[in-house]
Amino acid sequence: MFLKLFRRKEAQTDADFVSDYRRTGEVAGLGELYERHIDMVFAVSFKYLRDEEDAKDAVMQIFEQLIEDLKTHEVHNFKAWLHTLTRNYCLMQLRNKRLIVGDENIFENESYESFVADTTINEAWEVESRWNDLGDCLENLALEQRRSVELFYYQKLCYQQIAEQTGYAIQKVKSYLQNGKRNLKLCMEGKQHG
Amino acid sequence: MARQKKQIQPSVEQLQKYVAGKMSFEEEHEIEKAALQNQQVDDTLEGFLLLKKANIDSEAVVNELKKAVKQRTQKRSSKIVPFYYVSAAAVVVAIGLGWWWTLRLNESENAINYEKIVAAPPESKAQPLPQTSKSEEELAAVPPPAPSKSAPIPPRLPKISSKKERIADAHQSLSSEPDDPVALPQAAPPIPSAAAPAQSRLLAEESVSFTLKGNIIDAETQQKIAGAIITLGVADTSVKSNNQGEFILSNVHKNQKIEVAFPGFEPQQYVVGDTEEVTVALSKSNSLAKRSLPAARAQAMQRSQEPIPPKPWKEYKADLKKATETFIQQNPHLKGGKVLVGFVVEKDGKLSRFENRNQADTRLFEEAVRILEAGGPWKSTAAFAYKTQIEIDFD
């Protein structure tokens, strides 16, 4: 019987786990689900907190929060939701720390910036349908951003190749792409509305 | 042209392969593209990169964490089973303690008897000296006088020697002056007659502390009262009556005062006598104002130890409202709304572990947290961190 139970769980999707938990309130199943994504939670926590112990604590604390929150929240895309939960938790930690430490350290790392910037660019991006607008907008981009976007999206190069071709630092390539993408999107939206 | 992009997220293995630099440029491009499209992938990837940079073996840490999560989930589920063992163990311990107490009681009665024998014959001037000095001879180093008279006592000594030594200690500490043997006969009699308060207290503690059992009932209806607070004298230990209205107080001495309180009833005082079982009847109180401290405390305990905001609720709410209004004025482009903030009031009143319970707009949530934190620490009445929530309205 136990084996049967186990085998059934093998094929469970995240959503199955979530609905199971909401029905039964069993944390064991939730733990199994959490283990599936624990790499992500740890990596994301480390990205924001930059400290192994803090990140480990965060992983455990987030699980506790999960136990509570899943009872009350309807969750459709568990992984995305868990990522948001993780990020919010970490930002809260940073915020608490900032009260003691002072602002500088946190704002220096670009991760914070990317957090602030990202909220609008999460959705799928429909560039292809508006080539003309895109061409105009691309022209308006800063040179570095334009080159990076062209090399990445048109020539399908990776960061490292772009860095080699252009002489930009890899980290820079990434931020050119992010910013370029955002600017393109804003530009396209502007064209669409007027 | 409207090619529906499938959002295939790279797996953890793929991300780790990328981090390890074991991918072709094309594969790397795909990963990077996915990261540019999805914040979650981007965060995870960056986390792995940073972990590698920091030389942290993420796999080992993750395994450790998985174990911790397993432990955490098992702890909860197995808690139900050992509960029976715990209650069984509690019964065993209670019986053991009861047995120990009766044993102790008997023993201390022996001690009293002995004390009486020692103290009884103060009339003849010749006797007190040998008897008191018998117990003090090691300490005061008085040469033993003719031991013929005290002969009947020594056989009892070994049995209760530990008690005797303690009593003897007390003798010495109280009558430290009587270095000269002439003073001793005069000093000796008052000691057993409990004139020195410290001595009598010590004796009381040694001898007559016992366990008091009791019942709390309603004077009118004769019904048992559960949850009444029974406070013992100065020691300030208090217990609650159980569902049957019963309570047990250990280490009680005669003449100690006990106060029984229950919300809505007049607190009742009771002076411990010789009986070990007592029934206290409480009568309903007429005025709320008359409540004594234990009664107030009993009520406080009933109120489930909710933390209190830095200001009275009314003022606090008003402050929150003011803060949200200014925020909305400063940020007119934001859509207002309600934020249900869950948080924990730590023992020291600090607020932590904020949660966005209704998935409100992140900016509103962060502002709500800022407002709460700016309000200052709360007053925590609980002995541990207390989880609560508050609704903040941005409109």
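Scanning the stretch A:72-82 for residues that are within 23 Å of B:Lys66 (Cβ to Cβ) and either at the interface with another protein chain (Cβ under 7 Å from one of its Cβ atoms) or exposed (fewer than 15 other Cβ atoms within 10 Å of the Cβ) (or both) yields A:Asn77, A:Lys79, A:Ala80.
Inside the stretch A:34-45, residues that are surrounded by fewer than 23 Cβ atoms within 10 Å (Cβ to Cβ) and more than 7 Å from every other protein chain (Cβ to nearest Cβ) make up a count of 2.
Filtering the stretch B:276-298 for residues that are more than 28 Å from B:Glu367 (Cα to Cα), in a loop (DSSP other than H, G, I, E, B) and at pLDDT 80 or above leaves a non-empty set.
Which is part of a loop (DSSP other than H, G, I, E, B), over 19 Å from B:Ala35 (Cβ atoms), more than 17 Å from the chain's Cα centre (by Cα) and at pLDDT below 90, of A:Glu68, A:Glu74?
The unique qualifying residue is A:Glu74.
Among helices (runs of 4 or more DSSP H) entirely within the stretch B:10-80, having at least 2 residues that are without any contact (Cβ under 8 Å) to a residue 24 or more places away in the chain, surrounded by 16 or more Cβ atoms within 10 Å (Cβ to Cβ) and facing chain A (nearest Cβ under 7 Å) singles out B:25-37, B:39-53, B:58-78.
Restricting attention to the stretch A:148-194, the residues being at positive phi and within 10 Å of chain B (Cβ to nearest Cβ) number 1. Residues that are more than 13 Å from chain A (Cβ to nearest Cβ) and hydroxyl-bearing (Ser, Thr, Tyr) were ranked within the stretch B:352-393; the one that is nearest to B:Leu340 (Cα to Cα) is B:Tyr386.
Against the list (1) among the basic types (Lys, Arg); (2) modelled with pLDDT of 85 or more; (3) out of contact with any Gly (no Cβ under 9 Å at 6 or more places or on another chain), the condition B:Lys70 fails is (3).
The values are calculated or read from the model by the stated rules, or taken from the named source; none is laboratory data. Bear in mind the structure is a predicted one, so any value in this text is a computation, not a measurement. Here Cβ is always computed from backbone atoms with ideal geometry, including for glycine, and neighbour counts include all displayed protein chains.
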